[in-house]
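Below is one structure; the comments refer to it alone.
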Amino acid sequence: MRAVRILVVLVVILGGLFVLADRLAVNWAEDKAADQIRTTENLPGTPDVSINGFPFLTQLAGDEFHDVEVGIADYPADTGDGKKLNISDLKAHLKGVRFSDDYSTATAHSATGTALITYDELLKATRSEPTEVGPGINAKVTGLGDGGDGKIKVTLDVTVLGIDLPQPVQVLGSLKVKDDHVDVTADGLPDIAGRELAEQRLRAITDFDQTIKELPGGVKLDTVRAAKDGVAVTVKGTDVRLEPQA
């Protein structure tokens, strides 16, 4: 019986040491991967990386990790015109991930994710100067917000013959993804100061789009929807590759 007890104690100790070694190894790998992703994507801060599944060491031996999560607080996305659009709270879920030996590159069979574009960031895509929408009538987009049911609310400041209207004009719009663009289209156009305005002129300011290029690993925009704090975005991709930029 004493021998059995000794054996049980040894098994427990060895099991504990294995778990400890496994957790130490995964923590080291997560930190290493996070540092490399920061460098690869030129991020302003270090992302959060979680390599899920246990044991980690058996996944390491097989050269493939089943489930990896990456969280990026702020991602400066290219807008195609030399400017950047900040994408907040980007959370990516990668499946079938392989890292290079030095963790400088990573590939994944597939990736899905969510992110947020704040209304202040998206407002940069609108016209910055007042635009004539009718004889003596000028309008400018001054705010974006949640219109409910996934709609975006576009707020216009309007002047008629140089006099500001006492209340802003608000228009509800629909959001959609078209290639690498987020498109905003007004569902309907209001009468301003009792006048029906030329639709083309008014839509020149109520309708707009924002280009978003070169998301991490080449993932693409999937869906967009207006939410409380901004436009909620989903992304997806296959054969995703994170590697140093040239």
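For the range 113-246, the relative contact order works out to 27 percent when only alpha carbon pairs closer than 8 Å and six or more residues apart are counted.
Using a probe radius of 1.4 angstrom, the carbon and sulfur fraction of the accessible surface of the range 140-189 is 48%.
Here's the picture: a label point sits 7 Å out from the Cα of Glu214 along the beta-carbon direction, and within the range 83-105 the residues with their amide nitrogen under 14 Å of it are 83-86.
Site pair Asp35 and Thr159 shows an inter-label distance of 5.6 nm when each label is modelled 7 Å from Cα along Cα→Cβ.
The range 62-94 to the range 118-192: how many Å between their Cα centroids? Using only Cα atoms to place each centre, the spacing works out to 29 Å.
How much length is gained on full extension from Asp78 to Lys95, taking 0.36 nm per residue of separation minus their Cα-Cα distance?
Stretched fully, the Asp78-Lys95 segment lengthens by 3.6 nm.
Round to the nearest 0.05 the FRET efficiency obtained for Arg225 and Trp28 when R0 = 30 Å and r is the Cβ-Cβ distance.
So, using R0 = 30 Å, E works out to roughly 0.20.
Solvent-accessible surface of the range 50-160, averaged per residue with a 1.4 angstrom probe and all protein chains in place: 46 square angstrom. Once the chain from Asp67 to Asp48 is taken as fully extended at 0.36 nm per residue, the excess over their C-alpha distance is 5.4 nm.
The label-point distance for His109 and Glu129, in a model that sets each label 7 Å from Cα toward Cβ, rounds to 5.4 nm.
The values are calculated or read from the model by the stated rules, or taken from the named source; none is laboratory data. Model, not experiment: these values are computed from the prediction. Using ideal geometry, Cβ is built from the backbone for each residue, glycine included, and neighbour counts are taken over all protein chains shown. Please note that ligands, DNA and RNA were not included when accessible areas were found on the heavy atoms of the full protein model with its side chains. Shrake-Rupley method; radii C 1.70, N 1.55, O 1.52, S 1.80 Å.
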